[in-house]
Amino acid sequence: MFTVLLAIGILVLLSLIFGAILGYANVRFHVEGDPIVDQIDALLPQTQCGQCGHPGCRPYAEAIANGEAINHCPPGGQVTIQALADLLDVEAVPLDGDHGTENAKRVAVIREDECIGCTKCIQACPVDAILGAAKQMHTVIADECTGCDLCVEPCPVDCIDMVEVGVTAKTWSWDKPQGIAATSLNIIATDRQAEVTH
Amino acid sequence: MQVGKQQTANVFSFHGGIHPPENKAQSLQLPLGRPSLPNELILPLGQHIGQSSRPLVKVGDKVLKGETIAINNGFLSSFLHAPTSGTIAAIEERLIAHPSGLSDLCIILSPDGNETWTTLEPLNNWQDISKTDVLAYLSEMGIIGMGGAGFPTQVKLQGAHKNPLTHFIINAAECEPYITADDMLIREKTLELVLGIEILQHLVEADNIVIGIEDNKPTAIAALKSVLTERNSKIQIAVVPTKYPSGGEKQLIQLLTGKEVPSGQYPADIGVLCQNVGTCVAVHDAVTLGKPLISRFTTLTGDALKNPQNVEVLLGTPVAHLLEYADSEPKKLSRLIMGGPMMGYTLDSAVVPIVKTSNCILAASKKELPPPAPEQACIRCGMCEQACPASLLPQQLLWFSKSQEFEKAEHHNLFDCIECGACSYVCPSSIPLVQYYRHSKSSIREAREANVKSDLAKQRFEARKARQDAEAAEKEAKRLARQKATSDKATDKKKAAPAKPAPTAAAAPVTSDESKKLKVDIAIGKSKLKKLQKQLLEAQENEHVEEINSLQLQVTDQEKTIASLEEQLAQIPSAAPAAPVANTAKASPAPVSDELKKAKVDVALIGVKLKKLQKQLIETPDDQELKDKISAFETDLKAAQDTVSKLSENTQASTSTSTAAAEPKASISDELKKLKIDAAIAKAAVKKVEKALKKAEEINAPEIDAIRQQLKEAQQRADELEKALANPEATAPKAVPAQAKPATNLDADAIKKRKIDLAIAKAGVKKAEKNIQLLKEQGKDEAEINASEWPSKLKEAQDKLAALEKDQAAETSTPSVAKEASAPAATTNIDADAAKKRKIDLAIAKAGIKKAEKNIQLLKDQSKDESEIEASEWPKKLIEAQQKLAALEANESAPAATPTPASSPAEKTANSTADSEAKVEPEMDLATQIKKEKIAVALAKAQINKLNKRLENSPEDANSIRQEIGAAEKRLQSAETLLEKLIHSQTNMQENR
């Protein structure tokens, strides 16, 4: 009987100790907010374009954390969808066409002689990438522009163009080799000749 | 160390490496060539790693050989010089030597063929001046690493100062097949090379200086050795076995020092500096000759060239020019490669220029460099791993690159890959491994850049959001502050509102015991005063100016009230002896006062209920039921108030008659009290309406207009009452000494009473009108409106008003005459009173006309038929009001005319001043009146015109329209007669003056 009581006593003592440790750890290592939202947010392109239907990338990240589809981000495109799928361990689905199509990177360019200085685009820009003042010409800081298109709509004189950012020698990157499938058909010389005679 | 004898250093080994066919002999058969000047030199601004240079010249500028044409743009950048004298033809995008085959900004120089050097300023005192100056000088001479990467030399040398250098390695290995440019350079410029090394050694102060050179360059080695021995230099020569890629910086360091450059670090981190031989020669030329970097040694080789050779070529020379110089055979040429066969890249076009890092042009025939065999599946043979000089796992990297698992590729040190191509070279499946790695690397770099950019965007977005939030919060705070201010005011009013009627409630149980009532009144007044003072204090603390003003007014009002009450209270004891008499006299009015009490309680109750309902209405503005209820209550309230006023009139009459002889003061004080109560009620009403208006404004209720009107009316009422209140207060003190003139007092009382009655009647009219208006607004039919009790009530009220006004008019004319005889002193007073009253009457009549006109207009606006308008009481009322106005004006002119001759000459002066005062205003009133009447006439005429037009347009309604026209004409006539009368009275007045 004593042994049983002793065992129970020891177990109770142990549970109290570990409970205290766990309780302390819970307080000491408390994580503010939902870390998954931060992780999702880090994968999103931060264009803040609102094409997903949310007012910015972080709200969409929160929506994804709450179960929204991961394919509503046209600027991120398939790469982002893949990354989100990997992060959330879900299936990578094609981009939802309702929210737009994946375009090449673009920046807004103001045709400056047509600008009337209404500041509407400045108010629309989510990243403060447009410089200007009332009745003064505005201009886009190309390096800061995320190409979100949000400034195009409010312009009363339609003087904002979305211009594709061309590849320069500095931004150029190597293509991926075509791989095996594309080239392996003509390995055997006789095959190649047969193809020619066809 | 035995310098001079032991010139060969120890040589270690590195992992992997391959032994491709060297093919170096072809280009060494001819001596160093010097091609002629091309037609134009193309000088890309980005020939080095880092920021592109900034052009210093404009199109059309004449430049001399060696003149600076572009300067550095930041720390990691370089200068650019004119390779020959000539004219700047253009600064434009041109195809450049780049694997992408893209264009970049270039300065185009048209040589003039003179080769005129600019003034050369060699740095002869390089040993004496500071090293920083020498480094800056090197930068200005446009010297960059000429081995292939193009890293600005001064930056590299600065970085070398981080750690004490153990080894300064000169890279002369030139391991890549076909290329012999460095070999030729060493042979041609041995001394310059050694001198250049010495300058660099002076700058970096390394423990050991080692020239690493492959054993396939015996001539170069021999030349070097002889020079070094000659100069008794401490520079060592390390002859390394031929193995690709021993010329790689990290590989050569490993070969010569046995130390491996750790992953992600630079040679400087382990105390080693590596410089290419071409750089050393360029440094010598710059420092000792003052020549900037404008030319370089380049190998022209390949089967497609008849005369493969090394050339010293000016930077910017198009490749096509060199191919021509080396007699290329276009038929044979299948691939044109910039660089060696292992690490070079294919050129799409031969128009691209030679740049500072171009060490070889390989014009290969098809046989020489067949197109790459098709890629096949990896068979996991592991030969790539054997060949990798960087000790990586190329196979693993391939899997990761193929499946885009860049993170894993990075973990497998993808970025330590030097892209030497050894793995691809050995791969039996012909997998272009290096291309996969290059793709992966650039993808990762792109992702990193995108990440940096997205971080920046996020930062900016969040900063903007924070800014907007702050702005919004500021606005909200301001809004709240404003709201608080207004709500404070509202609560003040709320506090004041129930406090104000309180005296009514307290006054309601009016007992015959006046002193008790007075005491209660005083107590209430004092508590109210205290409350007001507290509010005032709060307001002062919060610095609400408007509030302070209004509160201060209230406080002074309150203080006055209390003072007067106390005065009354003080007089009570003196009246006490007379009380029994009064009591007996008051025996009969006792039931009346009871009734009055009951009526007042009713009023208070109904008022409370009404208030509650109105509050509800504000909360639910669309509740029709509530509105109906409210209107019902309002009628009740009105009726109750009427009874109260009637009763109090009775009491007043009885008390005044009973106490008149004994104590006229009492009646006055009673009157005063009643007036005060009325004033308080009116003020409370004003406040209530104001509050309702504010609330309505907040919720944008449709009743705003109605409430505003209510407010105006209430204010008017309150003003009138206060005016009335002020009069007796003015007369009261006078009345105390002038006990001999009770008649005056009585008259004044009567006038006052009538005024009150008038005000009440007016209020009744107004309320009825308002209700009718409300019903109209609610879209009720005229029939319905007529069915409701309002119009009849309106008429009743109007009748009463008219009767009262007539009474008053009659009375004012008679007593004033009577009083003139009895109390000349009082006459002026009463005259002034009468004039004032008349003025008020006039104003009221005018207001009535205005209202009637407005209503008619409203009906018209509502597109009611003329007949309907005719049917409604408004036109009639308008005419009535106009008549009344005319009568009043006639009245006014009459008394204004009479008193002057009637009064004695002695009084004339006194009177005239009063009269003139009284008359100036009526005159002005008359003027406005005339104007208004003129407008009315014009309106009537316009209406007749309109009606005539309508008659033309619709002959079928001719009869009714004609009737209308008749009515309108009648109206016009009456307006015209009125106008005439007005003008007449005006002229009269002017004559009187």
Restricting segment B:98-126 to residues that are within 14 Å of chain A (Cβ to nearest Cβ) and of a type in the set (A, V, I, L, M, F, W, C), the residue that is least open to solvent (accessible area, probe 1.4 Å): B:C106
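A quick yes/no check of all residues on (1) more than 10 Å from chain A (Cβ to nearest Cβ); (2) aliphatic (A, V, I, L, M); (3) closer than 30 Å to B:Q251 by Cα:
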{"residue": "B:E407", "(1), (2), (3)": "no, no, yes"}
{"residue": "B:E446", "(1), (2), (3)": "no, no, yes"}
{"residue": "B:A450", "(1), (2), (3)": "no, yes, no"}
{"residue": "B:R464", "(1), (2), (3)": "no, no, no"}
Every residue from segment B:293-314 that is among the polar types (S, T, N, Q) and assigned to a strand (DSSP E or B): B:S295, B:T298, B:T299, B:T301, B:Q309, B:N310
Subset of segment A:164-182 [open to solvent by less than 60 Å² (accessible area, probe 1.4 Å) and farther than 30 Å from B:Q376 by Cα]: A:G166, A:A169
Cross-chain or 6+ apart pairs with Cβ under 9 Å, segment B:359-377 first and away from chain A (no Cβ under 14 Å), then part of a loop (DSSP other than H, G, I, E, B) and of a type in the set (V, I, T): B:N359/B:I179; B:C360/B:I179; B:C360/B:T180; B:I361/B:I354; B:L362/B:I179
Leading residue by the ranking (most open to solvent (accessible area, probe 1.4 Å)) among those in segment A:128-147 that are farther than 15 Å from A:R106 by Cα and part of a loop (DSSP other than H, G, I, E, B): A:K135
From B:S334, B:S358, residue being surrounded by 15 or more Cβ atoms within 10 Å (Cβ to Cβ) and farther than 19 Å from B:P44 by Cβ: B:S334
Filtered residues of segment A:52-85 (kept if under 12 Å from the mean Cα position of the chain (by Cα), in a loop (DSSP other than H, G, I, E, B) and in contact (Cβ under 8 Å) with a residue 24 or more places away in the chain): A:C52, A:G56, A:N71, A:H72, A:C73, A:P74, A:P75, A:G76
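Among A:Q193, A:Q136, which is away from chain B (no Cβ under 14 Å) and at pLDDT 85 or above?
A:Q136
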Condition met for B:A377 (over 29 Å from B:D303 (Cα atoms) and not in a helix (DSSP H, G or I)): yes
Conditions (1) modelled with pLDDT under 90; (2) within 13 Å of chain A (Cβ to nearest Cβ); (3) out of contact with any Pro (no Cβ under 7 Å at 6 or more places or on another chain); number of the one not met by B:S454: (3)
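Mind telling me which of the residues B:L224, B:L200, B:L256, B:L195 ends up being out of contact with any strand residue (DSSP E or B) (no Cβ under 7 Å at 6 or more places or on another chain), in the same structural domain as B:A173 (by TED's automatic domain parsing) and in contact (Cβ under 8 Å) with a residue 24 or more places away in the chain?
Just a single option satisfies the conditions, and that option is B:L195.
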Unmet criterion (only one of (1) away from chain B (no Cβ under 14 Å); (2) at pLDDT 85 or above; (3) out of contact with any Ser or Thr (no Cβ under 9 Å at 6 or more places or on another chain)) for A:E112: (3)
Residue in segment A:46-58 that is open to solvent by 70 Å² or more (accessible area, probe 1.4 Å), more than 14 Å from every other protein chain (Cβ to nearest Cβ) and out of contact with any Phe, Trp or Tyr (no Cβ under 8 Å at 6 or more places or on another chain) present: no
Residue ID - nearest to the other protein chains (Cβ to nearest Cβ), chosen from residues in segment B:378-391 that are under 21 Å from A:Q178 (Cα atoms) and surrounded by 17 or more Cβ atoms within 10 Å (Cβ to Cβ): B:C378
Residue satisfying condition, being crowded, with 20+ Cβ neighbours inside 10 Å, hydrophobic (A, V, I, L, M, F, W, C) and out of contact with any Asp or Glu (no Cβ under 6 Å at 6 or more places or on another chain), within set A:I36, A:I64: A:I64
Meets criteria (at pLDDT 75 or above and of a type in the set (A, V, I, L, M)) for B:A968: yes
Members of segment B:57-88 found to be crowded, with 17+ Cβ neighbours inside 10 Å and among the hydrophobic types (A, V, I, L, M, F, W, C), listed by number: B:V57, B:V63, B:L64, B:I69, B:A70, B:F79, B:L80, B:A82, B:I88
Residue ranges of helices (runs of 4 or more DSSP H) in segment B:392-482 with at least 3 members surrounded by fewer than 16 Cβ atoms within 10 Å (Cβ to Cβ) and over 30 Å from the mean Cα position of the chain (by Cα): B:406-411
Every residue from segment B:355-374 that is hydroxyl-bearing (S, T, Y) and not in a loop (DSSP other than H, G, I, E, B): B:S365
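The values are calculated or read from the model by the stated rules, or taken from the named source; none is laboratory data. Since the model is a prediction, treat every value here as computed from it, not as a measurement. Here Cβ is always computed from backbone atoms with ideal geometry, including for glycine, and neighbour counts include all displayed protein chains. Each accessible area value is taken on the protein alone, full model and side chains, heavy atoms only, with ligands, DNA and RNA left out. Shrake-Rupley method; radii C 1.70, N 1.55, O 1.52, S 1.80 Å.
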